[in-house]
1. For the chain, modelled as a GNM with alpha-carbon contacts under 10 angstrom, which of ARG217, ARG133, ARG33 fluctuates the most?
2. Which FRET efficiency, nearest 0.05, do ASP12 and ARG81 yield, Cβ-Cβ r, R0 45 Å?
3. Starting from the coordinates of the alpha-carbon atoms of the chain, obtain the Kirkwood hydrodynamic radius over all distinct pairs and give the value in Å to one decimal.
4. Ordered by packing density, taken as the mean number of other Cβ atoms within 10 Å over each peptide's residues, highest first, how do 165-174, 143-152 rank?
5. Can you show me the helix-derived [θ] at 222 nm for the chain, built from DSSP H runs with n ≥ 4 at -39,500 (n - 2.57) apiece and divided by the number of residues, rounded to the nearest 500.
6. Which whole-number percentage describes the relative contact order of the chain, with Cα contacts under 8 Å and a sequence gap of 6 or more?
7. Which of the lysines could be linked to LYS161 by a straight reach, that is with a Cα gap under 25 Å, when you skip same-chain ones fewer than 8 residues away?
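Read-outs throughout are calculated quantities, based only on the coordinates presented, and are distinct from any laboratory measurement. Fair warning: this is a prediction, and the values are worked out from it, not measured in the lab. Please note: Cβ atoms are built from the backbone with ideal geometry, for glycine as well, and neighbour counts cover all protein chains shown.
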Amino acid sequence: MTDAVLFDARDDGIAIITLNRPAARNALGRDIREGLFQAWDRFERDQALRIAILTGAGDQAFCAGGDLKEMVETGMKVPPRDMFPLPYDTIELSKPTIAAVNGVAFAGGWMIAQACDLCVASTTAQFAVTEVRVGRSSPWAAPLIHMIPQRIMMEILVTGKPISAQRAYEIGLVNRLAEPDELMACALALATDILAGAPLSVRAARETVMLATEMGRSAALAAARHASELCYHSDDAQEGPRAFAEKRRPRWQAP
């Protein structure tokens with residue numbers, strides 16, 4: 001790992017990944033991108049880690065987006081498909097992720113927050129898809145239609161104007177709001193709630209949500225049943241009911 005992205009592997013199964021270029025508003029320069037690729041790979045490979053929280057250093061920016069100076073210097077037209085480390089897109093992940101948005105999440109910053117499964121935000125955070133203001137485009141925003149209503153999405157993309165954390169919460173982009181000094185505690189509490197579940201059950205639940213966004217009702221039901229087979233046939237599927245009957249905490253076996 002480089003100092004552009006910090007990686008904290010906690011003993012409780014939570015990884016905290018921090019974009020660490022606050023002076024550059026944690027923009028997605030080469031060092032941040034390379035550090036993120038390494039961090040996501042480390043998270044996926046470590047079986048002791050079950051969930052990751054992505055946040056930014058400082059209190060001004062989660063991530064201000066792509067490095068526009070780099071785009072000018074390289075004459076970049078269409079960004080290479082593998083340029084940005086996006087969970088579940090250019091990065092293969094099988095575990096849940098939470099974005100803890102501590103400040104502005106503009107353009108590419110919105111992109112990486114959107115790519116995470118869940119999002120908590122500081123009450124002082126702002127979100128914007130600003131590409132129209134710099135002559136670029138935002139094809140990565142297409143999955144946003146599964147998160148917020150069409151007309152709200154349309155306004156956000158065609159105006160490029162920021163929305164507040166409160167507005168992001170109201171339209172369903174953000175799961176939870178927290179005061180700035182309580183943001184990480186809020187993200188850790190959400191992560192802990194997820195860790196309380198059986199690992200294979202959490203994985204099946206996540207796959208069910210993603211399948212449901214990509215398929216029609218009947219196809220999604222069939223695919224979700226298939227995705228749940230591993231969970232149902234695991235030892236944990238017997239341990240959970242047994243622990244409930246014995247009035248004790250379950251002891252999950254699956255990683």
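1. ARG217
2. My answer for the efficiency is 0.80.
3. Evaluated over the chain, this radius sits at 19.2 Å.
4. Sorting 165-174, 143-152 by mean packing, highest first, produces 165-174, 143-152.
5. -11500 deg cm²/dmol
6. 15
7. Partners found: LYS69, LYS77.
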